[in-house]
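Taken together, the values in this text are just the output of simple stated rules run on the coordinates, not laboratory data. Quantities reported herein were computed from a predicted structural model and do not represent experimental measurements. Reconstructed Cβ throughout: ideal geometry from the backbone, glycine too, with neighbour counts over all protein chains shown.
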Amino acid sequence: MTAMTRPATARRPPSGTGVGMGVQVPERAREPEWLNAARRQAVAWVDANGFPSTKHEDWRYTKLDSVLALPLAASSGRGAEDGPGSVSSSDLPTPQLGVPRIVVVNGGMVPELSTLGTSLPGGVRVESMAGAVRRPEGRFQQLWTRRLGGYPHALRALNDAEALDAVVIDLPARTVVEDPIEVVFVSMPTGDARWSHPRLIVVAGARASATLVETYLSVAGAPSVTNALTQVELGTEAELVHYVLQGERTDSFHFSSLEGHLAEGSRLSSRLLATGGRIGRHEVDVVLAGEGSQVDLDGLFLTGAGQHHDNPVLVEHAAPGCTSRQLYKGVVTSDGHGVFNGHLVVRPGADGTDAVQVNKNLLLSERAEVDTRPRLEINADDVACSHGAAVGRLDPEALFYLRSRGVPEREARAVLVSGFAHEILERFGSGPIRRHAEELAAAAGLIVLDEDHCSSGAVTAGTVHPGRGGRAQ
Amino acid sequence: MLLIDDLHASIGDSEILHGVSLEVPDGEIHAVMGPNGSGKSTLAHVLAGRDPYEVTGGRVIYDGVDLLAMAPEERAAAGVFLAFQQPVEIPGVPTMYFLRTALNAQRRARGEEELGPVEFLALVDTKRRLVDMERALLDRAVNDGFSGGERKRNEILQMLILEPRLAVLDETDSGLDIDALRVVADGVTTLRGPDRSALLITHHQRLLEHLVPDRVHVLAGGRIVRSGGPDLAVELEAHGYATLDSPAVEPRTASAGTASIGTISTGTISTGTISTGTISTGTISTGTISTGTAR
Ligand SMILES: Nc1ncnc2c1ncn2[C@@H]1O[C@H](COP(=O)(O)OP(=O)(O)O)[C@@H](O)[C@H]1O
Ligand SMILES: [Mg+2]
């Protein structure tokens, strides 16, 4: 089944990194002028600045060459007007979280596959920009153009230039959404077109609260490139619990960014589980803009053969009395390569900052590598900041303890690895989101330590060799 | 049950056991006593199959088979259990999961049916009451944040659940109050039977007041220097180890031992390594960068 009606914009292949890419301005006749202008501006940014090379501080360990070797053409999405398309609900994982569920294919929301149900409280709006830009209210314009031009690198600009659609979730003040809202992003290459640029915008009014789950998948076919951007704006004392489950195919490329802007007393918890992608890079940029706002960031990356997982995290304390917590853990096997690049900035005047940044990694093979760079930049007095990083291998004493109790070596190693990962997985709660995460982790070779002690000890983790170690900077 | 014959064991370049011989018949409880650093834990670890200890001579026959040829997990499945002097923490692994994984691994190895969750829960509930342990403690990660006494109770709980034929208790009594001491003594007594034996390694005579051994052996300087009946423990308590006329053994300085411990752990750490904290501009930062084993 193929019914891709929106033609992909043809692009010249890149001539190399670090130079203008000759990205052309897409022609999207049905879009309003402000959006076309915004797209032109984003394209001009890419042309002027080029794609980041490893000389770029935040891209030191991640080479884009293999990604840019793929044609830059974006896969067509399925806008609301496209009729029956090539992804059917049978291609998607069975809904585990129930409704509301929004399905986005190649960056375009697919209403036929999405179920909003009646579970959303009054006033909450979930909209697809493709269907709504023509409205004169200017809301999208404001959200879209808020940080035009201020791009940290070309991929973010490219999302502005290329996003076919944006899913906008609008939570009015004081609404409480009990059920997790799941957004499933599917990347599905169409012909030569490999890229997709999903965009999600979440705006929470004062004291609104919700849970949001982003699931990323790629369906069978040629390797795809996902370049997603999620923007979260939390109003006064709003609260968002956010999860990212990145389980794309291991021959695909995944880039995603979370941009968070937190007003006074608001609270964001964001938890990442990354298992997929030949390259999987999830960036987090959070600005604690209002006094007393809080952010908790947890991440677990399971990096195996041929994989590269990069985790750049930037937390900016821009107001007094804010709290940030970061705990990222990596389990790297085979010739996998994990990167943690955490940057914590305390702006002048952000007194009373309370920040903790921790990264721990487990290397399970000779060839596995981890680079970790926890960075603090403090420009205020009266702050409590701590950071730490560790890279190591399995504790031989714990391993012997298990074996002395009769657990065979292979299984004992797998149990220890799972114990290491458990600290993050348990932050996925105890309900369906946790099960979803555990299934993804299990598919990546982790055994799941059930709390109710019901599983029999299946062993899936591979053999483990003494690690050679990561690299110091 | 257990025959230890002229056992020599080293760690790195230093020999710690200089020919230990000892026999524990079926159904008997023997005590091994000795001053600090005399090689008691080394003996226990060698019996359990701990890696860095190298057996350089002698043999250990357990139930007619060569124990030293078996992997640690095979020894466990065959019924050998070591209660550790310093039980290890396993962050992230719930104690209940650990216990069930261990029990079922042993049962699988012996060709027995695995225990289902319901039966297992019932079993744990019975046993934990014997050692006076709260259920809540078992939902926590193995020994994670457990007090010294809780760790020792956990060892005894594991022993009661796994029901070994040969239990080796390495100073399980050290640092325990009288109630906990009784838990240990009762635990061993519960398991006592004509085809089960125990080796109680202890520094003090205290435990032996609750648990009268069939034989007492004194380990000093890596050798058994005396063996006797239960009275020997009383005599040692009264006069101390100093009065023992121990045969001359090569002196090993404490610093040599310490140095080799250091070397080994350095080796371990250097494999996993790295990490740097980059702290730019401003003021305060307490960066801890650690290497070694990750948890
Ligand atoms: N891992 C090790 N590396 C080097 N020396 C060790 C190690 N473990 C123990 N030793 C040394 O071996 C000797 C015996 O130690 P141990 O068996 O622990 O004695 P005990 O349990 O009787 O106190 C001591 O001198 C100790 O320093
Ligand atoms: Mg000892």
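Numbers at a glance
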item	result
Which of B:I29, B:I201 has the fewest Cβ neighbours within 10 Å, and the rest in rising order	B:I29, B:I201
Cβ-Cβ FRET estimate between B:N36 and A:R410, R0 fixed at 35 Å, reported to 0.05	0.45
Long-range HN-HN contacts of A:E283 with modeled amide H, under 5 Å	A:S256, A:S257, A:L258
For B:L219, distant residues with modelled amide H under 5 Å away	B:M33, B:G34, B:V225
Residue-span extension gain [B:D144 to B:V212] - 0.36 nm each, minus C-alpha spacing	21.2 nm
Separation of the A:K63 and A:S119 label points, Cα + 7 Å toward Cβ, nm	4.4
Segment B:E134-B:L3, extension gain: residue separation times 0.36 nm, minus the distance between their alpha carbons	43.4 nm
Inter-label distance, nm, simple model (7 Å from Cα along the C-beta direction), B:D66/B:R226	3.6
The range A:341-377: GluC sites (Glu not before Pro) in DSSP coil with no more than 15 other Cβ atoms inside 10 Å	A:E366
Eligible lysines near B:K127 by straight Cα distance, threshold 27 Å, same-chain separation 8 or greater	B:K152
Gain upon complete extension [B:D125, B:A238; 0.36 nm per residue less C-alpha separation]	36.6 nm
Estimated inter-spin distance, A:R325 and B:D195, nm [label 7 Å along Cα→Cβ]	5.3
Cβ-defined net charge surrounding A:R174, 11 Å radius [Lys, Arg +1; Asp, Glu -1]	0
Loop-located GluC sites (Glu not before Pro) in the range A:381-452, at most 14 other Cβ atoms within 10 Å (DSSP)	A:E451
Total formal charge among the other residues, if their Cβ is under 11 angstrom from that of A:A380, Lys/Arg +1 and Asp/Glu -1	-3
Ellipsoid equivalent to the range A:307-415 - semi-axes via the Cα gyration tensor, in Å	36, 16, 9
Long-range HN-HN contacts of A:Q357 with modeled amide H, under 5 Å	A:Q326, A:S386, A:H387, A:G388
Computed E for A:A305/B:V118 - FRET, C-beta separation, R0 60 angstrom, nearest 0.05	0.95
Calculated log₁₀ intensity ratio I(q)/I(0) where the Debye formula runs over C-alpha points of the range B:40-195, q = 0.11 Å⁻¹	-0.44
Distance histogram in 5 Å bins (all Cα pairs of the range A:33-290, percent per bin)	1, 6, 14, 18, 21, 18, 13, 7, 2, 0, 0
Candidate lysines - alpha carbon under 19 Å from A:K329, same-chain residues fewer than 8 apart omitted	A:K360
